[in-house]
Amino acid sequence: MQDFQKLNYQKYTPSNALTNVVQAIWFADNQQNAEALTFKILSDGAAGIVLNFGDVITYQRKDSQLSVHKGCITNGPSTDLLRVSFSGCIYAVGFQFYPATAHYFFNGTLDKLSEKFLLTSSTHFWRINDLYSKIEKILSQKENKEIIVSLVEAHLLQIFNRTQSKQKQMLTQVINTIIESSDLSIAKLSEQQGISVRDIQRLFKKQVGISAKSLMGLYRVRRVKEKIESDDFKSLTSLATDHGYYDQAHFTRDFKKLMEDSPRQYHRYKKRT
């Protein structure tokens, strides 16, 4: 069972100017920790940054792995299950973008970050080392977390104000349609948004880092996962049908690919917890 309380995990909603482009600013703060803690996290298809001021954090996804002691981590866009491990003293500050908005903040195209963990530098994220140093100074003065949140918001707002464009706003609209729609294909998306299939594929490669089809599949599984967690379904068969699956085998395969457990196994696990 994943016990996020051991992280003393705290999540802050960004200010109004950033609400639609930054999901959350979060803290993990257990400086007395002496355990090795590992968590499994279903992807949301978005990229994020973690500033680690404690001991080692290890990010792992399939064959990719990165361990960082006191430094900055970029978690690139992916649909695969993520494992995050903490060892020793824990103090991390993170900010997570939306699939539709990460492209506002990173230098270059998102396909360069896809499926990767990277030591973050100012080459691909504007003045990240300056932000890290400023937060480190605040921590040494034992200031409260609200001051750090304000500092992070100011930094992100500077980037956002410099990088907005009509093309990026169009991509945001396309991705929001994917997230909100349970029955959607690339062809339907193209027709609804008045954008060619080829342009959609090009946009996603450069500005999201994963394909539109992969993102659709990911959010379909996320909706199923939420239904299972709330026990809000009549049967697994009806749950599959309600979410556009034509057969149980396809439903089970897609869920297990992203969650490692089958829908039935995951339901049993949630019932126990």
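Quick one: which residue in 194, 244, 209 is within 29 Å of residue 113 (Cβ to Cβ), of a type in the set (Gly, Ala, Ser) and either assigned by TED's automatic domain parsing to the domain that holds residue 45 or touching a residue at least 40 places away in the same chain (Cβ under 8 Å) (or both)? Being within 29 Å of residue 113 (Cβ to Cβ), of a type in the set (Gly, Ala, Ser) and either assigned by TED's automatic domain parsing to the domain that holds residue 45 or touching a residue at least 40 places away in the same chain (Cβ under 8 Å) (or both) holds for just one of 194, 244, 209, which is 209. Considering the stretch 114-125, the residues that are touching a Lys or Arg at 6+ places or on another chain (Cβ under 8 Å) and assigned to a loop (DSSP other than H, G, I, E, B) include one that is farthest from residue 215 (Cα to Cα), namely 124.
Do we find a residue being out of contact with any Phe, Trp or Tyr (no Cβ under 8 Å at 6 or more places or on another chain), without any contact (Cβ under 8 Å) to a residue 12 or more places away in the chain, among the charged types (D, E, K, R) and under 18 Å from residue 99 (Cα atoms) anywhere in the stretch 180-191? Yes, some residue in the stretch 180-191 is out of contact with any Phe, Trp or Tyr (no Cβ under 8 Å at 6 or more places or on another chain), without any contact (Cβ under 8 Å) to a residue 12 or more places away in the chain, among the charged types (D, E, K, R) and under 18 Å from residue 99 (Cα atoms). For the stretch 129-145, state whether one or more residues are surrounded by 18 or more Cβ atoms within 10 Å (Cβ to Cβ) and either more than 29 Å from residue 3 (Cα to Cα) or acidic (Asp, Glu) (or both). Within the stretch 129-145, one or more residues are surrounded by 18 or more Cβ atoms within 10 Å (Cβ to Cβ) and either more than 29 Å from residue 3 (Cα to Cα) or acidic (Asp, Glu) (or both). On the stretch given as the stretch 81-114, residues that are of a type in the set (D, E, K, R) and at pLDDT 95 or above total 1. On inspection, residue 51 passes the criterion of being crowded, with 19+ Cβ neighbours inside 10 Å and either farther than 22 Å from residue 259 by Cα or in contact with a Ser or Thr (Cβ under 9 Å, 6 or more places away or on another chain) (or both).
The values are calculated or read from the model by the stated rules, or taken from the named source; none is laboratory data. Model, not experiment: these values are computed from the prediction. Neighbour counts are summed over all protein chains in view; Cβ atoms, including those assigned to glycine, are modelled from backbone coordinates with ideal geometry.
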